[in-house]
Amino acid sequence: MSEYRFHLQKYKYGSKISCPSCGKPRCFVKYVDAEGKIVFPDNVGKCDHENSCGYHYTPKEYFNDYPDVLSRNQGVSESFRVTACKSVDKKPVCIAPSYIASSYVDKSLSHYEINPLYRYLCNVFGEEETIRLFQLYRIGTSAKWGGSAVFWQIDMNGLVRTGKIMCYNPETGHRIKEPQAFVSWAHSELRMPDFHLKQCLFGEYLLKSSTSSPVMLVESEKTAVIMSHFIPDYLWLATGGKNGCFNREAMQVLRDRNVTLLPDLGATEQWKAKSAMLSEICKKVSVSDILERIATEEQRNQGLDIADFFLLSPSKRQILQQMIQRNPALQLLIDELGLELIE
């Protein structure tokens with residue numbers, strides 16, 4: 001039996017679940033309470049893919065993020081201190097993050113004709129605006145799965161931590177999740193040995209462009225990109241998921257900032273709990289529940305985010321494309337007369 005009260009669950013058939021970070025199935029081991037008093041959520045654990053993913057959310061980090069859990073469970077706090085002190089004689093080792101050469105980012109900023117997210121946004125915003133957004137967030141293209149988007153994680157110092165590769169439907173702009181989660185990582189695809197992944201916020205380097213601009217923090221990289229078009233007065237950053245890199249270390253870059261959290265539907269209460277962490281770092285932090293207040297039951301079940309709401313009404317460009325699909329001769333007429341869409 002483990003000498004620690006909180007330890008990784010011993011393997012038995014079916015005990016491993018999908019990793020909340022890399023999305024790969026049957027590779028994530030949860031932490032358990034040997035006394036059976038605390039049941040940790042499915043994101044508290046460790047991914048088997050230490051090099052290609054590296055996700056590891058420990059009970060200590062969980063209790064730091066959710067101090068109310070300790071207050072609700074008498075005796076846990078003391079037990080946790082005893083557990084944590086067992087390695088006090090060992091000097092903690094701080095492993096520096098690994099980086100990817102920026103040349104890989106530069107090479108990826110092309111071949112947008114096979115990038116499904118680029119093709120979708122061109123239909124929504126037009127090519128000129130889509131190029132601007134892709135340049136702003138340095139979104140790349142991967143040939144994986146016949147064409148995917150690469151969301152590079154570039155930190156405050158301009159260093160590339162990794163790139164998340166995801167496949168989208170070019171018609172709807174939605175993630176393709178069947179028959180598998182089409183998610184991969186640049187460092188994994190590059191087969192970089194002994195790579196130590198330490199994620200940062202998507203769009204983090206934009207913080208250097210303005211020290212006073214308020215920050216909007218969302219879950220999805222795509223959401224940050226789209227919302228920077230609709231509401232450009234804010235710096236839109238993404239955690240890369242409900243949990244993603246939402247941890248105390250990664251959030252230090254938001255120090256003394258005015259930050260608003262905009263979680264997806266269904267994640268509001270969890271992000272409200274996590275906002276306590278940011279209150280010690282940020283100048284001001286708030287959690288918007290606007291989506292929860294205006295959403296229908298169906299929209300809640302779908303887990304929509306703020307970008308989905310802004311895209312519910314088709315743009316003029318989308319309406320024109322729908323008209324052209326119904327009557328292809330319309331495109332010939334537009335070309336012959338040199339007509340331009342005024343938005």
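So which GluC sites (Glu not before Pro) in the range 202-298 are both in a DSSP loop and have at most 14 other Cβ atoms within 10 Å of their Cβ?
Passing sites in the range 202-298 are 249, 280.
Under 8 Å for C-alpha pairs, at least 6 residues apart: give me the relative contact order for the range 98-200, rounded to a whole percent. Provide the component values of the computation, followed by the final result.
Values: 165 pairs, mean separation 28.6, N = 103.
After rounding, I find 28 percent.
Please identify which residues in the range 4-40 have an amide N closer than 17 Å to a label point set 7 Å out from the Cα of residue 180, following the Cα→Cβ vector.
Answer for this model: 17-28.
For the range 115-141, list residues with backbone N below 16 Å from a point placed 7 Å from the Cα of residue 171 toward its Cβ?
Hits in the range 115-141 for residue 171 at 16 Å: 116-117, 119-121, 123-124.
Hey, what do the phi angles of the range 247-263 turn into as Karplus ³J(HN,Hα) couplings, whole Hz, using 6.51/-1.76/1.60 and θ = phi - 60°, x for Gly and Pro?
Per-residue couplings from phi come out as 9, 4, 5, 5, 7, 4, 5, 8, 4, 6, 9, 8, 10, 10, 8, 10, x Hz.
Among 260, 162, 211, 141, rank each residue by its count of other Cβ atoms within 10 Å, from fewest to most, as a rough exposure measure.
On the way: 260 17, 162 29, 211 8, 141 23.
Fewest to most other Cβ atoms nearby, the residues stand as 211, 260, 141, 162.
Please go through the residue pairs 164/272; 10/30; 164/242; 164/284; 107/164; 30/60 and name each one whose alpha carbons sit more than 18 Å apart in this structure.
Going by Cα-Cα distance, 164/272; 164/284 fall outside the 18 Å limit.
When the Karplus curve 6.51 cos²θ - 1.76 cosθ + 1.60 is applied with θ = phi - 60°, which whole-Hz ³J(HN,Hα) does each residue of the range 36-48 get, with x for Gly and Pro?
x, 8, 10, 10, 6, x, 6, 9, 8, x, 9, 7, 5
Given H placed on each backbone N at 1.01 Å, which residues far from residue 185 in sequence or on other chains put an amide H within less than 5 Å of it?
Those lying under 5 Å, H to H, from residue 185 are 165.
Give me the one-decimal nm value for the distance between modelled label points at residue 113 and residue 311, 7 Å along each residue's Cα-to-Cβ direction.
In this crude spin-label approximation the distance works out to 2.4 nm.
Considering Cα pairs under 8 angstrom that are at least six residues apart, work out the relative contact order of the range 205-306 and quote it in whole percent. Don't skip to the answer; put the middle values down first.
Values: 157 pairs, mean separation 27.2, N = 102.
Averaging sequence separation for qualifying contacts and normalising by length gives 27 percent for the range 205-306.
How far apart, in nm, are the 7 Å Cα→Cβ label points at residue 208 and residue 292?
Taking the simple label geometry, residue 208 and residue 292 are separated by 3.7 nm.
Want the number for residue 276 to residue 50: 0.36 nm per residue separation, take away the alpha-carbon distance, what's left?
78.5 nm
Could you list which residues have their amide H under 5 Å from that of residue 196, counting only those 5 or more apart in sequence or on another chain, with H placed in the peptide plane?
Those lying under 5 Å, H to H, from residue 196 are 98.
All of the numbers you see were taken from the coordinates with simple rules; none came from a lab. Since the model is a prediction, treat every value here as computed from it, not as a measurement. Cβ coordinates were reconstructed from backbone atoms using ideal geometry, including for glycine residues, and neighbour counts include every protein chain displayed.
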